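Here's the structure, in structure tokens; my notes come after.
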């Protein structure tokens, strides 16, 4: 009897150990899976005028972008609007798939329509997933095809570590991006669609009598903050792309992986402050250096090759230079090369400082910049406060990319961008 009791007890003990082992193994697997999907912290801060990185942490680490994805969705939509294929009043149909998207959403009904303007506001403020799918299907045919086009656009903008699988940022383990890539996208929106940037400053959006407020808690609370987008899913943590202007200078900052919205916002404030402080210190140092170079006899004047031209502000005000639709001041005689790309090497508070920067870059790269047009672009950031953007226009993409790589190697800031006057020049030629 005792033997039978001991055997039964032994079997029960073995069973208990087996169950415990299974539970322990399951727990390990669960924890491992959780760890792999936990949000990773990453951040970057940059000068929005030049693209110069002022601070970065894990900037190239891939993370889930969450609703930051909608920045690219809107970029694609803005392209369609500017091409004339659609306009703000165009009615977009709501499909069954769009209506079935989970929150955050507007609650769109299958078979109804929503205007382009309303979808933009819905994404910029409410971060509505149903509206994002409506855009994807209207522009791309299907959301899957649209996501492929988004990824291709990301590559063309220089977003090397980004891949999209949907238009909203809803969980998908293959939809990944990085802090650096999102800063590139923010710069592209500011550069290519400044006329639509106001949407990211909206504090609320009223749809069918219901008010939807922005998720960007720092908007108008942080001095100079005017956009642009928040993002959250459990696997990503709390993300934010933000931009602010102070004393005519713009900073862009990106945070991935905040533990809470509050802590993310606090950290963003810290990053923006750091950005403005470092930019001010850099400008003071660089300004002293530039004026020292300007007064030096070592630099001959003029230094530009026959193919390049300097557009002086005096020429702009006297009417000797031609103003294009994009705001670029073109030379009065034709440029030797009309390329689709340009580079910007800085934005300065004086004509002299901007001229020095252009001369220095021209001396560094006499061959690459030989057929480019040097241009000063005055931009009034507020009444009486003017910045002069120093750019070389009319480059081919390879030339622009190589020029920026070479300039950055000698600590001269540089950003590659489309030449806004390319289309104008082509139309004039025809």
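The values are calculated or read from the model by the stated rules, or taken from the named source; none is laboratory data. Only a predicted model underlies this, so the values are computations on that prediction, with no experimental measurement involved. Cβ atoms come from the backbone with ideal geometry, glycine included; neighbour counts cover every protein chain shown.
Looking at region 36-92 only, could you name the residues that are closer than 17 Å to residue 233 by Cα and part of a helix (DSSP H, G or I)?
Of all residues in region 36-92, those closer than 17 Å to residue 233 by Cα come to 36-42, 62-71.
Matches in region 36-92: 36, 37, 66, 67, 68, 69, 70, 71.
Being touching a helix residue (DSSP H, G or I) at 6+ places or on another chain (Cβ under 8 Å) and either without any contact (Cβ under 8 Å) to a residue 24 or more places away in the chain or not assigned by TED's automatic domain parsing to the domain that holds residue 178 (or both) is the filter here, so list the residues in region 80-92 that pass it.
None - no residue of region 80-92 is touching a helix residue (DSSP H, G or I) at 6+ places or on another chain (Cβ under 8 Å) and either without any contact (Cβ under 8 Å) to a residue 24 or more places away in the chain or not assigned by TED's automatic domain parsing to the domain that holds residue 178 (or both), so the list stays empty.
Let me confirm something: among 67, 56, which residue is touching a residue at least 24 places away in the same chain (Cβ under 8 Å), within 30 Å of residue 248 (Cα to Cα), in contact with a strand residue (DSSP E or B) (Cβ under 6 Å, 6 or more places away or on another chain) and buried (at least 20 other Cβ atoms within 10 Å of the Cβ)?
On the way: 56 fails: buried (at least 20 other Cβ atoms within 10 Å of the Cβ).
Selected residue: 67, the only one of 67, 56 that is touching a residue at least 24 places away in the same chain (Cβ under 8 Å), within 30 Å of residue 248 (Cα to Cα), in contact with a strand residue (DSSP E or B) (Cβ under 6 Å, 6 or more places away or on another chain) and buried (at least 20 other Cβ atoms within 10 Å of the Cβ).
What is the one condition in (1) surrounded by fewer than 24 Cβ atoms within 10 Å (Cβ to Cβ); (2) modelled with pLDDT of 95 or more; (3) over 27 Å from residue 245 (Cβ atoms) that residue 76 does not satisfy?
Here residue 76 clears every test but (3).
Any residue at all in region 262-284 that's out of contact with any helix residue (DSSP H, G or I) (no Cβ under 9 Å at 6 or more places or on another chain), part of a loop (DSSP other than H, G, I, E, B) and either more than 25 Å from residue 107 (Cα to Cα) or at pLDDT below 95 (or both)?
No - not one qualifying residue is present in region 262-284.
From the set of residues in region 245-257 that are touching a strand residue (DSSP E or B) at 6+ places or on another chain (Cβ under 9 Å) and surrounded by fewer than 24 Cβ atoms within 10 Å (Cβ to Cβ), which is modelled with the lowest pLDDT? Write out each step before concluding.
Residues of region 245-257 that are touching a strand residue (DSSP E or B) at 6+ places or on another chain (Cβ under 9 Å), as a first pass: 245, 247-257.
From the residues that got through so far, the ones that are surrounded by fewer than 24 Cβ atoms within 10 Å (Cβ to Cβ) too are 245, 247-250, 257.
Details: 245: 87, 247: 76, 248: 71, 249: 79, 250: 89, 257: 96.
Selected residue: 248.
Tell me which helices (runs of 4 or more DSSP H) are completely within region 316-430 and hold 3 or more residues being buried (at least 22 other Cβ atoms within 10 Å of the Cβ) and either at pLDDT 80 or above or touching a strand residue (DSSP E or B) at 6+ places or on another chain (Cβ under 7 Å) (or both), or say none if there are none.
Numbers: elements: 351-364, 397-409, 422-429.
The helices (runs of 4 or more DSSP H) meeting that bar are 351-364, 397-409.
Evaluate region 218-239: report whether one residue or more is out of contact with any helix residue (DSSP H, G or I) (no Cβ under 6 Å at 6 or more places or on another chain), assigned to a strand (DSSP E or B) and more than 14 Å from residue 71 (Cα to Cα).
yes
Okay, residues lined up against (1) under 19 Å from residue 79 (Cα atoms); (2) surrounded by fewer than 24 Cβ atoms within 10 Å (Cβ to Cβ); (3) not assigned by TED's automatic domain parsing to the domain that holds residue 206:
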residue: 103; (1), (2), (3): no, yes, no
residue: 108; (1), (2), (3): no, no, no
residue: 113; (1), (2), (3): no, yes, no
residue: 116; (1), (2), (3): yes, yes, no
residue: 119; (1), (2), (3): yes, no, no
residue: 127; (1), (2), (3): no, no, no
residue: 133; (1), (2), (3): yes, no, no
residue: 144; (1), (2), (3): yes, yes, no
residue: 154; (1), (2), (3): yes, yes, no
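Testing residue 156 on (1) out of contact with any helix residue (DSSP H, G or I) (no Cβ under 6 Å at 6 or more places or on another chain); (2) farther than 17 Å from residue 68 by Cβ; (3) modelled with pLDDT of 95 or more, one condition comes back false. Which one is that?
Residue 156 satisfies every listed condition except (3).
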